[in-house]
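Chemist: Right, I'll just put the structure down here and ask away after.
Just so it is clear, none of the values below were taken in a lab; they were calculated from the coordinates. Just so it is clear, the model here is predicted, and its values are computed rather than measured. Note that we place each Cβ from the backbone using ideal geometry, even for glycine, and neighbour counts take in every protein chain shown.
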Amino acid sequence: MTIQLPAAAMVVLLGPSGTGKSTFAARHFLPTEVLSSDAMRAMVADDPNDQDATDAAFELLHTALGFRLARGRLTVVDATNVEAWARAGLLAIARRHGVAAVAVVFDLPLDVCLERNAARSDRVLPSRAIRRQHALMATSPPALGKEGFESVWRLADAGSVSAAAVERFGR
Ligand code: UTP
Ligand code: MG
């Protein structure tokens, strides 16, 4: 699959922890194009896993997103984004700047998400957290268009995630 992105877009990665969002972002985008909730937590707390830093992290992320979209810079939001209210905050910023919103859904099977999570060296979440994120992710694709995403790209297995290419069009 070749994911087609407008040159100035907000690209929202959506999927449970461990589905490869940050790996995908690092492979296809400049480091400066990616705003990750983990990096923002680290910026304020010196720890990407410090959940107490979440509110500050997202405030920073939203601020940086707005400044980038105002300049027409393509920006990738690397967070789980499985909750509609979290996406609504991002979509409002894109709308304010007249920028297209694109979703890339990391719709991997639950067993793969659980295995990946358990095998991680950097962070292992309780499996109930992965189950919850997976259930939210699995029910979101039909709603994404109505929420305001212009296009939705669904990666349904690990092979599709690693084989996906990204192309940009327009200026
Ligand atoms: P990531 O750290 O890329 O996942 O990969 P993520 O979606 O961004 O996770 P959160 O939301 O920040 O928690 C998670 C693990 O899966 C492996 C990586 O090496 C990492 O340990 N991985 C990633 C693979 O095994 N294959 C892949 O194609 C991508
Ligand atoms: Mg990540």
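Chemist: Please give the peptides 142-150, 70-78, 121-129 ranked by average Cβ packing (other Cβ atoms within 10 Å per residue), highest first, as a rough proxy for protection.
Modeler: On the way: 142-150: 14.6, 70-78: 19.2, 121-129: 11.3.
Ranked by mean Cβ neighbours within 10 Å, highest first: 70-78, 142-150, 121-129.
Chemist: Okay, next question. I want the local charge near L74. Using Cβ-Cβ distances under 10 Å, sum +1 for each Lys or Arg and -1 for each Asp or Glu among the other residues. Working shown, then result.
Modeler: Working: positive: R68, R73, R168; negative: E33.
Net charge around L74: +2.
Chemist: Lys and Arg at +1, Asp and Glu at -1: add these up for the other residues within a Cβ distance under 13 Å of P48 and post the number.
Modeler: Details: positive: R41, R120, R123; negative: D38, D46, D47, D50, D52, D78, D122.
Taking every Cβ under 13 Å from that of P48, the sum is -4.
Chemist: Show that you can apply the helix-only estimate: for the chain, add -39,500 (n - 2.57) for every DSSP H stretch of four or more residues, divide by all residues, and state [θ] at 222 nm to the nearest 500. Can you show the working numbers first?
Modeler: On the way: 8 runs with 83 residues, N = 171.
Computed ellipticity for the chain at 222 nm equals -14500 deg cm²/dmol.
Chemist: What order do you get for R131, R87, R68 when you list them from fewest to most C-beta neighbours inside 10 Å? It would help to have the intermediate numbers written out before the result.
Modeler: Working: R131 14, R87 23, R68 20.
Going from sparsest to densest Cβ surroundings: R131, R68, R87.
Chemist: Can you sort F67, F106 by how many other beta carbons sit within 10 Å, fewest first?
Modeler: Details: F67 12, F106 24.
So the ranking, lowest neighbour count to highest, is F67, F106.
Chemist: Still on this structure, I have one more. Let me check I've understood the local charge: for A138, count other residues with C-beta under 14 angstrom from its C-beta, Lys and Arg +1, Asp and Glu -1. What total comes out? Please report the intermediate quantities before stating the final value.
Modeler: Working: positive: R131, R132, R154; negative: E83, D107, D111, D157.
My count for the surroundings of A138 gives -1.
Chemist: Okay, moving on. So if I place +1 on the C-beta of Lys and Arg and -1 on the C-beta of Asp and Glu, and nothing else carries charge, what would the dipole magnitude of the chain be about its Cα centre? I want it in debye, nearest 20. Can you show the working numbers first?
Modeler: Values: 19 positive and 18 negative charges, 105 e Å.
The dipole magnitude comes to about 500 debye.
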